[in-house]
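Shown next, in structure tokens, is the structure this report addresses.
Please treat every number below as a calculation from the coordinates, not as lab data. A quick note: this is a predicted structure, and the numbers were derived from the prediction, not measured. Positions of Cβ are generated from backbone atoms using ideal geometry, with glycine treated the same way; all protein chains shown enter the neighbour counts.
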Amino acid sequence: SFVGDVSGTFEVKLTVKDPLDAADDDVVLVRVNFPPQANAGGNQLVLPGSTVILNGGDSSDLDESDVLSYQWRLVKRPDGSKASLRNANQQRSQFVTDVPGLYVAQVLVSDGLDDSTDTLTVEVADPAKISPALLTLDPWRAPMRSIATVTLHGTGFIQGAKVFYDDRDIVSDYRSSK
């Protein structure tokens, strides 16, 4: 039995001798390949109409010289969704969410000999059912007629959601603390 602990092509030679010392050799080439490890990235929570970026860039292969190929597919979409992938055969793919619900994306990563898969979920929130909870506001007050950076701390905030104050849309930048 042969167990390769490094990748590569190995030559295994078997010599057979009979009691009269007559011998014959046979040579076999054995290719050892470590399969890639697919990584689809983290789960996402977004709003309808959001462009979801899928990135398999954290996928890896112990055989450092192997060139990896990628194939993305949507294995689940909400009823009524017509979402489709762009650049499905690239490391980075994307799609636009069109209805609320759960989407499941899968990436197949191949090194030409072996492959592996990984999935991630994209939950598209129904805007009518979102109820963010503001826990703190920092700073909690600012001089009148000034421009201030305000940090909202709370739960239920979703990337892409609009922020309003006195019925005016405020420019906002979403950053998760996780």
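Two numbers describe the Cα atoms of region 1-129: Rg and Dmax, which are 23.1, 89 Å. Neighbours of residue 102, meaning other residues whose beta-carbon lies under 15 angstrom from its beta-carbon, give a summed charge of -1 when Lys and Arg score +1 and Asp and Glu score -1.
Among the trypsin sites (Lys or Arg not before Pro) within region 15-119, those in coil by DSSP and having at most 16 neighbouring Cβ atoms inside 10 Å are 82.
Less than 5 angstrom separates the built amide H of residue 76 from those of 104, all sequence-distant by 5 or more or on a different chain. Working value for region 51-110: equivalent-ellipsoid semi-axes of 26, 10, 8 Å, each the square root of 5 times a Cα gyration tensor eigenvalue, largest first.
Rg and Dmax of region 1-73, based on Cα coordinates, read 23.1, 81 Å.
Taking amide H positions as modeled 1.01 Å from N, with prolines and chain starts lacking one, the residues under 5 Å from residue 50 and 5 or more places away or on another chain are 97.
Coupling constants for region 52-58 follow from the phi torsions by the Karplus curve (6.51 cos²θ - 1.76 cosθ + 1.60, θ = phi - 60°), and in residue order they are 9, 8, 9, 9, x, x, 8 Hz; glycine and proline get x.
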